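Comments concern the structure below.
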Amino acid sequence: MSNYQLNSNETSLSIPRIITVDSVNYYEILVKCGNVMWTVNHRFRDFVELHDRLVADRGVSKDKLPPKKVLGSKSPTFLRKRQEALERYLKETMVYLKVTMPKELVEFLDFHRYDIVFMVQHLASSLFLRGEAFLAKSKKYGFSVLELHAISERRKIPCPATEAAESCHNFSHILDFCAQLETIIVLPTKNSLPTILYDDDTDKYIPHALHKPIGSSNLIPVQLRYELSVFKALRNLIIYGVPTDNIENVGALRETLTRIEVYKSETKQICQIALCDNVHKNAGEDELDKLKQWKLLRHAVFKENRLTTIDRTIRLFPSLKDLVLDKNQLESIAHLSHLNNLQMLSLRCNRLEQCPNWHLQLGNLVALNLSQNRIRLLEGLARLYSLVSLDLSCNLIDDINEIDHIGNLPLLENLRLLGNPVAGGVDYRARVLSRFGDRLQEIYLDNEKGNQPEYDTALVLSALRISAQKSQRKLHSLLDSSSSSSGNIENDAGVSSDPSTPSTSKGDIRQPGSR
């Protein structure tokens, strides 16, 4: 991000070309400030308006601007000459107003969009006028990563003379405003503020601009670092499309934050969030225990990222009750046994195929969402005795007998199975409900309770299944008894039950020396 205060001698202006849109000519101004550059387009009438204000308020000579011309104003030769004249005008004006840099020139050249000092002053002026009214209505605000970067960098430099001259530009307006906010949304650009943040199809509302230049500049959101220590009362942090690795300092947020949401940030490991401001994220076991925990964090949403594993830094969220890991690349779960308070887990749209012994990690879970994975077998869920809600929709379950593994869960009330092969069978609902025995009327299957015909069919199926099971057990018992009796008869006849031992009978016993 540019810093005119430090790079005023390395700032240049030029007009490299003319852009024609709908028969209207725009002069493209290229602004370079240190390593940062951007463009801004203006018609000739915009130059006239700027010049009139500078003449009236800033003492700029009236004859500096090229004169208007009615006839021949569209000819290429005239446009080239005007382009050169306007470039000279901007350079001379910039030299004359280099120290004061009035608001009129700052906004004409878009310094308030891409420069640290002028962006902060612009934001301070806006909050000076409307900050209190905004906080009275809501304590939630959306920041672009560029704004947070500018605020963070502004804290490191002395107060500019242009800021001290006008109280509305005072940096303290921003600090006071930030200290009172309870919820912030961090976004790649200001115009990407979502209208429906929690919609599944967020791409329709928010462009994913992580690697795209901001506006007409060469600034890339993924390259901008920022800190969050200015937010003293923050309870909810929502980060959309911005890397958490770019956070330099979270300040006291580990002590105050109750909810964190991270969307489309390309995060691959939990440690990039839990240890976002730590330089070294691969802490050893002993060192991990000494790191600061997010003590009050109850709700975490890490959705539409690139998580492949749940690493051990999840233990730094010991009070977590809700964890959403939708639309990642998880093939298994791990380290969730450290979350003793976890009640809701959502793993929708991952790559899960099995759920082996999940009760060892999720013993207190109340709600589990496993929809849109690749699950066939349910044996690993058989001992989640506290489970009330289970979403298995859109998986690969094709055997109705798999329902037996969850049919004995004593608290299960809500079950979703639509989208599985098993849901396409005849009497699907009745067959599933029959697996819940006396509790079948307590079950909401695919968000609906059963009707009386389904209950009647389910009871018949349940009775037939129980009868078949009894018959099968009786048959096994008879076969075992028959096998045992046969073995006793053979033993009584002198035949060994061990096939490796040769058998003998009394008729085979011969006296020594007999033939």
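Among the residues here, residue 43 qualifies as modelled with pLDDT of 90 or more and either within 24 Å of residue 154 (Cα to Cα) or not aromatic (Phe, Trp, Tyr) (or both). Can you find a residue that is surrounded by fewer than 16 Cβ atoms within 10 Å (Cβ to Cβ), among the charged types (D, E, K, R) and touching an Asp or Glu at 6+ places or on another chain (Cβ under 6 Å) anywhere in segment 352-366? No, because not a single residue in segment 352-366 is surrounded by fewer than 16 Cβ atoms within 10 Å (Cβ to Cβ), among the charged types (D, E, K, R) and touching an Asp or Glu at 6+ places or on another chain (Cβ under 6 Å). Among the residues here, residue 127 does not qualify as in contact with a Leu (Cβ under 8 Å, 6 or more places away or on another chain), crowded, with 18+ Cβ neighbours inside 10 Å, in contact (Cβ under 8 Å) with a residue 40 or more places away in the chain and assigned to a helix (DSSP H, G or I). Comparison of 363, 424 shows that the only residue that is over 18 Å from residue 339 (Cβ atoms), of a type in the set (Gly, Ala, Ser) and at pLDDT below 95 is 424.
Working only within segment 329-338, note down all residues that are open to solvent by less than 10 Å² (accessible area, probe 1.4 Å) and part of a loop (DSSP other than H, G, I, E, B). Talk me through it step by step, then tell me what you get.
Let us first name the residues in segment 329-338 that are open to solvent by less than 10 Å² (accessible area, probe 1.4 Å), namely 330, 336.
Within segment 329-338, 330 is the sole residue that qualifies.
Taken over segment 234-247, the criterion of being at pLDDT below 90 and either basic (Lys, Arg) or open to solvent by 10 Å² or more (accessible area, probe 1.4 Å) (or both) is satisfied by 243, 245, 246.
The one condition from (1) closer than 17 Å to residue 170 by Cβ; (2) open to solvent by 20 Å² or more (accessible area, probe 1.4 Å); (3) among the aromatic types (Phe, Trp, Tyr) that residue 118 does not meet is (2). Exactly one residue out of 228, 288 is out of contact with any Asp or Glu (no Cβ under 6 Å at 6 or more places or on another chain) and modelled with pLDDT of 85 or more, and it is 228.
Is it true that residue 157 is open to solvent by less than 10 Å² (accessible area, probe 1.4 Å), touching a residue at least 60 places away in the same chain (Cβ under 8 Å), closer than 23 Å to residue 217 by Cβ and among the β-branched types (Val, Ile, Thr)? Criteria not met by residue 157. Pairing each residue of segment 13-24 that is under 18 Å from residue 35 (Cα atoms) and among the polar types (S, T, N, Q) with any residue that is open to solvent by less than 70 Å² (accessible area, probe 1.4 Å) and at pLDDT 90 or above, provided the two are 6+ apart or on different chains, yields C-beta distances under 9 Å for 14/29; 14/30; 14/31; 14/87; 14/90.
A residue that is surrounded by 14 or more Cβ atoms within 10 Å (Cβ to Cβ), of a type in the set (A, V, I, L, M) and more than 27 Å from residue 12 (Cβ to Cβ) occurs nowhere in segment 78-95. One residue stands out in segment 164-190 among those that are open to solvent by 50 Å² or more (accessible area, probe 1.4 Å) and not small (Gly, Ala, Ser): the one that is farthest from residue 227 (Cα to Cα), namely 166.
The values are calculated or read from the model by the stated rules, or taken from the named source; none is laboratory data. For clarity, every value in this text was computed on a predicted model and none was experimentally measured. Every residue, glycine as well, gets a Cβ built from its backbone with ideal geometry; the counts of neighbours run over all protein chains shown. We work out accessible area using only protein heavy atoms, side chains counted, and drop any ligands, DNA or RNA first. Shrake-Rupley method; radii C 1.70, N 1.55, O 1.52, S 1.80 Å.
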